[in-house]
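First comes the structure, then the notes that go with it.
The values are calculated or read from the model by the stated rules, or taken from the named source; none is laboratory data. If you're wondering where the values come from, they're calculated on a predicted model, not measured in any experiment. Backbone-built Cβ (ideal geometry, glycine too); neighbour counts: all protein chains shown. Note: areas computed on protein heavy atoms with side chains; ligands, DNA, RNA excluded. Shrake-Rupley method; radii C 1.70, N 1.55, O 1.52, S 1.80 Å.
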Amino acid sequence: MYYNICNYHKTGPCRYRDRKGTMSIIIEVNQLSVHFPLSTATVKAVDGVDLAVEERETLAIIGESGSGKSVLGTAILGLFPPTCTVSGTITYEGKDLLCLSEEQLRSVRGLQIAWIPQNPASALNPSMRTGLQVGEPLSRQAGWTRERIHERVLELFAKFRVLPPEERSQAYPDSYSGGMLQRSLVAMGTSASPKVIIADEPTKGVDTLNKESIATAFREVRNQGITLVVITHDLDFARELADRVVVMYNGAVLEISDKERFFERPLHPYSAGLLRSLPENGLVPIPGRATARDGAFTSGCRFRSRCPGAGERCAEEPPLIRARHDDAVRCWNYD
Amino acid sequence: MNALVVNRVLQIIPVLIGISVITFILIALAPGDPAEISLRAILDTDNPSPQAISLMRAEMGLDQPYHIRYFIWLSRVLQGDLGYSYISHKSTIHEILYALPTTFYLATLAMAISIIVGIPLGIAAAVRQNGLIDHVCRLFSVVGNATPEFFLAILLLLFFSIQLKILPVAGSGGIQYFILPSLVLAVGLIAITSRLMRTSMLDVLEQNYILTARSKGLDRGTIITRHAIKNALLPVLTYMGTQFGWLFGGAVVVESIFALPGIGRLTVDAVNTRDIMVLQGCMITFAIIFVVVNLAVDMSYIWLNPAIRYDEV
Ligand SMILES: Nc1ncnc2c1ncn2[C@@H]1O[C@H](COP(=O)(O)OP(=O)(O)OP(=O)(O)O)[C@@H](O)[C@H]1O
Ligand SMILES: [Mg+2]
């Protein structure tokens, strides 16, 4: 249950940063850790993540299931499952979101930073008309009457091709097809014209044709100048949409690269493995399996046990190392 | 969907036949000679004469074998004839139709009280999980479930009728005669309803769409009223619907204590005087109410739940 904000175990006092000179960075995640202490082991869903999202860019976060993408995404909205412990900072417009009160966080959510949830089928209230839910972020802003919101929803539905808009807005989510539901979630995310949208797996379980329509919807969002963080399994979708790619593994960022360079020559052995597992590159799977879920990972490089080039140095965890231009990688090969 | 409804309606027939057979067997197995027991009530004597008893046995058809008696009764029922009371000599249908509104009123009032008290209690308990209301609610549900109706009835009578003298002890008339009985009936249901509503709310609050609502920056109150309650209500109301028939069962005890002339009391009287035809009529009435209530609940569930509706087409 996402109800109670969890007990923050802060590393130190709240840090308000002077962001002079780095005005183009809209969200900065610093040493963020979200851990779940279970009876057997602590699941380190997010473990020391550093990440800077630039204004107006589209950032794709890729990584296999359980690597902590969703936990990271919801953390940026200040939403945490109960029972977790949080440390680090998430800075948005000079404020650490983790230091804000629930009240202050609410004024960020939906209006400044919007969320497009994973799993559209369960992400909408089954007993509320879809149009109302899509327009809900607006209802919190002054001057938005019911009629005005409804008009805006119809515009959004037309724009994201949830057709026919009037009929669709009156319908309940269960009568929607998967692609249409996902597009109305995009409409919902954009409805209050936020600065940042975080989209979680927008193409999961969607066929090729619908995927194209979702990509179009996201291009539309990007063209409005909205900063996009797209969490995805789908490398093709990332290639189509992103400016930069972040690779997550077992709760940590292994690589941050420019999109072109990433698909041309990935830095991390894990990234290379991911690209090799694409169908056009021969569907070669990465041997072994990720260890975050059972808490088996303890120290050193997280990818060590599966890495073809692992050496002695890898017993120590590498830091994020700048390898080329602004691209960074967590691997000793680039030291 | 139509096939589903028809199927569901047809299932009623074997259920009713089964219930009528069981009732018949139970009455046949009950100790004592029904003719003799009836006569004691009719003649107001402890020792009716043997001639009177054998005449009565003939009138009640007790000289026939069991299976013949059942089929005679069944064929009459199918013609819409439930027989008559050996005591009052009125037709069974008349007796039942006279008693039903009282019980119906009692059960509806109890249901209304349970909804009005139980649902908000459950919501409050879920919203402040492990808070004061939650603990009070938990205690209440344990005590409410464990207290027998007759005991609660006596406590309430002692307090409101004997001590405070603000409500009548027993009898029938205006709504004041229904307050204590419906309260007694409602307590058990409130206990269950509030727990159920709490569980259902907690379940809903864990759903993905609640996280979505939070991500939109809605405040907790809006999330609970706009997104949680309606979804949490559906299974609870469905359950409560099925309990409507159960309230009729509870009416047997409560009506006897408070001397309300409903079908529960009619049944008890019929048992005591072995007024067989009335007793069978009451049993069939209970069965029909149960079955119809359940059917209505199922139908409303299908109707309210689009997922089921589409699947079954
Ligand atoms: N409420 C929770 N309680 C305990 N563990 C959790 C909870 N939520 C997430 N986790 C764990 O955190 C890890 C990361 O989960 P997360 O949902 O972020 O993965 P993901 O990268 O989004 O995966 P997917 O691609 O399947 O959505 C997983 O190991 C998961 O089991
Ligand atoms: Mg996820």
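Under the convention that each Lys and Arg Cβ holds +1 and each Asp and Glu Cβ holds -1, the size of the dipole of segment A:55-208 around its Cα centre is about 220 debye.
Helix A:178-190 axis versus longest C-alpha principal axis of chain A: approximately 90°, rounded to the nearest ten. The mean number of Cβ atoms from other chains found within 10 Å of a Cβ in peptide A:104-113 is 3, as a whole number.
Could you order peptides B:277-285, A:62-70, B:179-187 by the average number of other Cβ atoms within 10 Å of their residues, highest first? All intermediate terms of the calculation are to be shown ahead of the outcome.
Working: B:277-285: 23.0, A:62-70: 21.4, B:179-187: 24.6.
Those peptides, ordered most packed to least, come out B:179-187, B:277-285, A:62-70.
Residues with beta-carbon under 13 Å from that of B:V136, excluding B:V136: net charge, scoring Lys, Arg +1 and Asp, Glu -1?
Working: positive: B:R128, B:R138, B:R195, B:R198; negative: B:D134.
Local net charge: +3.
For chain B, the longest principal axis of the alpha carbon atoms and the long axis of helix B:276-304 meet at an angle near 20°. For chain A, treating each Cα as an identical point scatterer without solvent, what Debye log10 I(q)/I(0) comes out at q = 0.09, 0.12, 0.15 1/Å? Those come out to -0.49, -0.87, -1.33, one per q. Note on segment A:36-101: percent of Cα-Cα distances in each 10 Å bin, starting at 0 and stopping at the bin with the largest distance, equals 17, 51, 28, 5, 0. Taking 14 Å as the cut-off, the amide N atoms of segment B:49-92 that come nearer than this to a point 7 Å along the Cα-to-beta-carbon line of B:R40 belong to B:49.
Where Rh denotes the Kirkwood radius from the mean inverse Cα pair distance, what is Rg over Rh for segment A:246-287? Each step should come with its number before you reach the end.
Working: Rg = 10.2 Å, Rh = 10.6 Å.
Rg/Rh for segment A:246-287 comes to 0.97.
Can you give the average number of partner chain beta-carbon atoms within 10 Å of each beta-carbon in peptide B:228-237, as a whole number? Could the numbers behind the result be given before it?
Values: counts 1, 1, 4, 4, 0, 1, 2, 0, 0, 0.
Partner Cβ neighbours, averaged per residue: 1.
Among residues other than A:T83 with Cβ under 15 Å from its Cβ, the summed charge is 0 (Lys and Arg +1, Asp and Glu -1). Taking the Kirkwood radius as Rh and the Cα radius of gyration as Rg, segment A:175-239 has a ratio of Rg/Rh equal to 0.93. Normalised by 2.2 N^0.38 Å, where N is the number of residues, the alpha-carbon radius of gyration of the protein assembly as shown equals 1.34.
For chain B, taking Cα atoms only, Rg and Dmax work out to 24.0, 86 Å respectively.
Express the C-alpha Rg of segment B:1-114 as a ratio against the empirical globular expectation 2.2 N^0.38 Å, rounded to two decimals. Please report the intermediate quantities before stating the final value.
On the way: Rg = 18.5 Å, N = 114, 2.2 N^0.38 = 13.3 Å.
Computed over Cα atoms of segment B:1-114, the ratio equals 1.39.
On association of chains A and B, roughly 2400 Å² of accessible area becomes buried (total for both chains; probe 1.4 Å).
Calculate how steeply helix A:146-159 sits against the longest principal axis of the alpha-carbon atoms of chain A, using the helix alpha-carbon long axis, and give the answer as 0 to 90 degrees to the nearest 10. With both axes taken from Cα atoms, the answer is about 60 degrees.
Pairs of Cα atoms in segment B:16-78 fall into 10 Å distance bins, from 0 up to the last occupied one, in shares of 20, 46, 28, 7 percent. Using the average count of surrounding beta-carbon atoms within 10 Å as a protection proxy, the listed peptides B:84-92, B:223-231 rank, highest first, as B:223-231, B:84-92.
Within the shell defined by Cβ-Cβ distances under 12 Å, the residues around A:I226 carry a net charge of +1, with Lys and Arg each +1 and Asp and Glu each -1.
Using only atoms on other chains, find how many Cβ atoms lie within 10 Å of each Cβ of peptide A:123-134 and report the average.
Working: counts 8, 5, 13, 8, 10, 6, 0, 0, 0, 1, 6, 0.
Neighbouring Cβ atoms belonging to other protein chains average 5 per residue here.
For the pair B:L74 and B:I93, the difference between a 0.36 nm per residue extended length and the Cα-Cα distance amounts to 5.3 nm. Gyration tensor over the Cα atoms of segment B:154-313: the corresponding equivalent ellipsoid has semi-axes (square roots of 5 times the eigenvalues, largest first) of 40, 24, 10 Å.
Here, P(r) means the percent of Cα pairs in each 5 Å bin from 0 to the largest distance; for segment A:113-193 it is 3, 18, 31, 27, 15, 4, 1. Round to a whole number: what % of the accessible area of segment B:99-271 belongs to carbon and sulfur, probe 1.4 Å? Carbon and sulfur atoms account for 71 percent of the accessible area of segment B:99-271.
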